[in-house]
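Reviewing the structure listed below.
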Amino acid sequence: MASVTQIRKAIAARCGTITGLNAYPTAPGQAVVPAAIVLPGPIAYDATMRRGSDDFTFTLRLLASQASSDAGQDALDAYVSSSGASSIKSVVDGDLDGVVDFARVASMDSYGEIEWNGVLYLGADFTVEVTASGEV
């Protein structure tokens, strides 16, 4: 079964395929924007019987630019779109290059000002749902 570390790295790797997006599998002290930061969330163990699979939830925090930037909002709009070359959903949905059984971007919220280590950015939070079994 995939570990939290393996899944974090796989999500970041997929996000890193978006041109110009800096992807962080761990929480950086300072982020170079635009940035996608993968943060672990709740885990539902034993989603299927006898350790068949676990369900993971991750927050993917996207930081686009200083909150006052019009260009940052335009860039953020492309990341939150459900399709396109910069779409987070498009690059994350799937099996994360064979690391898990299934991953999907379930939702986006918190579009607007987000503080990260004392700096105010324009950003959004994505909820990524992942199922991983011992068969991956």
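What to note about this one:
- Student exercise, the chain dipole from Lys, Arg, Asp, Glu Cβ charges, in Debye to nearest 20: 340
- 3J(HN,Hα) couplings calculated from phi for the range 70-78 with the Karplus curve 6.51 cos²θ - 1.76 cosθ + 1.60 (θ = phi - 60°) are, in sequence order, 5, 4, x, 5, 4, 5, 4, 4, 5 Hz; Gly and Pro show x.
- Taking the three principal axes of the alpha carbon atoms in the chain, the coordinate ranges are 51, 30, 20 Å, sorted in descending order.
- Since only 66, 112, 48 are under comparison, the one whose Cα sits farthest along the positive direction of the charge dipole of the chain, derived from C-beta charges on Lys, Arg, Asp and Glu, is 48.
- Computed with a 1.4 Å probe over protein heavy atoms only, the accessible surface of the range 1-91 comes to 50 Å² per residue.
- Packing-based ranking, highest mean first, of 24-31, 1-8, 54-61 given that Cβ atoms within 10 Å are counted: 54-61, 1-8, 24-31
- Rounded to 10°, Cα long-axis angle of helix 4-15 versus longest principal axis of the chain: 50
- Computed extension gain for residue 71 through residue 51, at 0.36 nm per residue and net of the alpha carbon distance, reaches 2.5 nm.
- In order through the range 31-38: 3J(HN,Hα) via Karplus (6.51 cos²θ - 1.76 cosθ + 1.60), integer Hz, x for Gly, Pro: 9, 8, 8, x, 9, 10, 10, 8
- Rounded percent of accessible protein surface that carbon and sulfur make up, the range 42-136, 1.4 Å probe: 47
- For the chain, calculated [θ]222 nm from helices alone, where every DSSP H run of n ≥ 4 adds -39500 (n - 2.57): -6000 deg cm²/dmol
The values are calculated or read from the model by the stated rules, or taken from the named source; none is laboratory data. Remember, predicted model here, so these are calculated numbers, not experimental data. All Cβ positions, glycine included, derive from the backbone under ideal geometry; neighbour counts span all protein chains shown. Surface areas here come from the heavy atoms of the whole protein model, side chains and all, with no ligands, DNA or RNA. Shrake-Rupley method; radii C 1.70, N 1.55, O 1.52, S 1.80 Å.
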